[in-house]
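Student: Okay, here's the structure, questions in a sec.
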Amino acid sequence: MLSAFDDYPYHQIADHFDASGTGDHRFFDRYWWVAYDRENRAQVNSGLGVYKNMNVLDGFGTVLIDGMQHNVRTSRRWRPNIGRIGAGPLDYIVKEGLKSFRLLLEPNEFGVAFDLSWEAALPAFDEPHHKRHIDGVLHEDYRRFYQFGRVNGWAEAAGRRIEIADWFGFRARSCGVRPGVGGPPPPTPPAPPAGGRATALISGMAFACDDGTHGSLQIQEDDTGRVVYSGGKLVRRDGDGWREAVIDAATVDIGLVPGTLKPTALNFDFTAGGESYELRGTPLSEGFVYQGYGYFNGYRDQHGLGAWRGDDVLEGETYDVRDSSNVRDLSGHASFPAILPHEYPLAISLNGAPGMADSMIGFTGPHPRYRPQG
């Protein structure tokens, strides 16, 4: 389909601008934003994805306040209105790429709204390219970059309005092919049994210190506690510029409330550029539950992100997330397993330098340290 974007010299393939270079229905182009309050009055997350081969744009806005996660999800037909980065009450305005943005969730029937100015404070940096085949079948092939900033504006939920002044901001941009997006996956051969056991723990964070040092790292462990993936990047000032170093030899220790999987600490040790680092993180609030964003079976139709579900779809509800092992949807539409991945705002220190982080902790199976009974 021809659009105004076809007059710009930015095409990547010999086709109109709204076409992708692959016919894989899982192809996505996605935004992710957080705004975190050090004083824990409220926390805000939002995201949006375009799925060109499904002709879908969907997104969410979420406010966490007083242990309650208030969600709004929306979805629409992407073509012909490909110039709008939004659906329903949700809109993103790119004022200047890599620098300045406005995030807007207009008042709606679910009582969740925000108007945020997101301004970059640090340069964006790339994550390593993710590309993997399983038994010869493409499993994932995507890129992601990260950036930290400062957020101002306001957010409201449950009749309470919070003024936002200089909150910690983090964002991610990713595009490509990966599982779990674009609707239900096609049938594929099962993974061969050789080469590893089931993933039991995923832990990671994107972090920024007050001195400008920033980066990201992730660790995955299997059900024996063996590290099956470990990687990341550290970015530090170097004169008038920045120097990047690969993170390696990373280990993680998660502190938990006794008898639960609720974290009290997320601590990493690693090396980067020949130096050793201790990164210590403490959750500032309860964790966001990804189903509220639309991940997993978060949409009411349980078809996942990027699935075709019609025009002008708007959903929402409130989750009680005070007990991470007993999350409750107060509308009664959804029920949750006891083991869920959560996203937490963290106060951190990196070799003593203070900062903040956006983190993910997910227990997906038995683990000798954290879930010995399965």
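The values are calculated or read from the model by the stated rules, or taken from the named source; none is laboratory data. In this text, all values refer to a predicted model and were calculated from it rather than measured experimentally. For neighbour counting, all protein chains shown are included, and Cβ atoms are generated from backbone atoms with ideal geometry for every residue, glycine included. Keep in mind that these areas ignore ligands, DNA and RNA; they rest on the heavy atoms of the full protein, side chains included. Shrake-Rupley method; radii C 1.70, N 1.55, O 1.52, S 1.80 Å.
Student: Within segment 1-60, can you find the residues that are closer than 24 Å to R300 by Cβ, over 17 Å from the mean Cα position of the chain (by Cα) and polar (S, T, N, Q)?
Tutor: N53, N55
Student: Something else: If a residue has to be surrounded by fewer than 17 Cβ atoms within 10 Å (Cβ to Cβ) and either in a strand (DSSP E or B) or of a type in the set (D, E) (or both) to count, how many in segment 232-244 make the cut?
Tutor: Count: 7.
Student: Working only within segment 118-147, note down all residues that are open to solvent by 50 Å² or more (accessible area, probe 1.4 Å), closer than 30 Å to M68 by Cα and out of contact with any Asp or Glu (no Cβ under 9 Å at 6 or more places or on another chain).
Tutor: E119, A121
Student: Looking at (1) touching a Ser or Thr at 6+ places or on another chain (Cβ under 9 Å); (2) open to solvent by 40 Å² or more (accessible area, probe 1.4 Å); (3) over 16 Å from Y293 (Cα atoms), which is the only condition G67 fails?
Tutor: Among (1) touching a Ser or Thr at 6+ places or on another chain (Cβ under 9 Å); (2) open to solvent by 40 Å² or more (accessible area, probe 1.4 Å); (3) over 16 Å from Y293 (Cα atoms), G67 violates only (2).
Student: Being more than 28 Å from G149 (Cα to Cα) and open to solvent by less than 10 Å² (accessible area, probe 1.4 Å): is that true of A338 here?
Tutor: no
Student: Could you say whether any residue in segment 238-261 is farther than 22 Å from H129 by Cα, within 21 Å of the chain's Cα centre (by Cα) and of a type outside the set (V, I, T)?
Tutor: yes
Student: Within segment 341-374, take every residue that is at pLDDT 90 or above and of a type in the set (D, E, K, R) and give me the one that is surrounded by the fewest Cβ atoms within 10 Å (Cβ to Cβ).
Tutor: Filtering first and then ranking leaves E343.
Student: Between R178, R173, R150, which is at pLDDT 95 or above and either farther than 25 Å from T22 by Cβ or buried (at least 19 other Cβ atoms within 10 Å of the Cβ) (or both)?
Tutor: So the residue among R178, R173, R150 that is at pLDDT 95 or above and either farther than 25 Å from T22 by Cβ or buried (at least 19 other Cβ atoms within 10 Å of the Cβ) (or both) is R150.
Student: Counting just the residues of segment 274-286 that are surrounded by 13 or more Cβ atoms within 10 Å (Cβ to Cβ) and among the small types (G, A, S), which one comes out farthest from L340 (Cα to Cα)?
Tutor: G281
Student: Could you check how many residues of segment 5-28 are among the hydroxyl-bearing types (S, T, Y), open to solvent by 40 Å² or more (accessible area, probe 1.4 Å), closer than 13 Å to G176 by Cα and without any contact (Cβ under 8 Å) to a residue 60 or more places away in the chain?
Tutor: 0
Conditions (1) in contact (Cβ under 8 Å) with a residue 12 or more places away in the chain; (2) on the phi < 0 side of the Ramachandran plot; (3) assigned to a strand (DSSP E or B), marked per residue:
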| position | (1), (2), (3) |
| --- | --- |
| L266 | yes, yes, yes |
| E286 | yes, yes, no |
| Q291 | yes, yes, no |
| N297 | yes, yes, no |
| N326 | yes, yes, no |
| S335 | no, yes, no |
| Y344 | yes, yes, yes |
| A357 | yes, yes, yes |
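Student: How many residues are more than 23 Å from N55 (Cα to Cα) and exposed (fewer than 12 other Cβ atoms within 10 Å of the Cβ) when one looks only at segment 70-117?
Tutor: 5
Student: Could you say which residue among P263, P258 is within 30 Å of V72 (Cβ to Cβ) and either touching a Pro at 6+ places or on another chain (Cβ under 7 Å) or open to solvent by 40 Å² or more (accessible area, probe 1.4 Å) (or both)?
Tutor: Within the list P263, P258, the selection yields P263.
Yes or no, residue by residue, for (1) farther than 18 Å from A172 by Cα; (2) at pLDDT below 95:
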site: M1; (1), (2): yes, yes
site: D6; (1), (2): yes, yes
site: D29; (1), (2): no, no
site: A35; (1), (2): no, no
site: Y51; (1), (2): no, no
site: F60; (1), (2): no, no
site: R76; (1), (2): yes, no
site: R84; (1), (2): yes, no
site: G88; (1), (2): yes, no
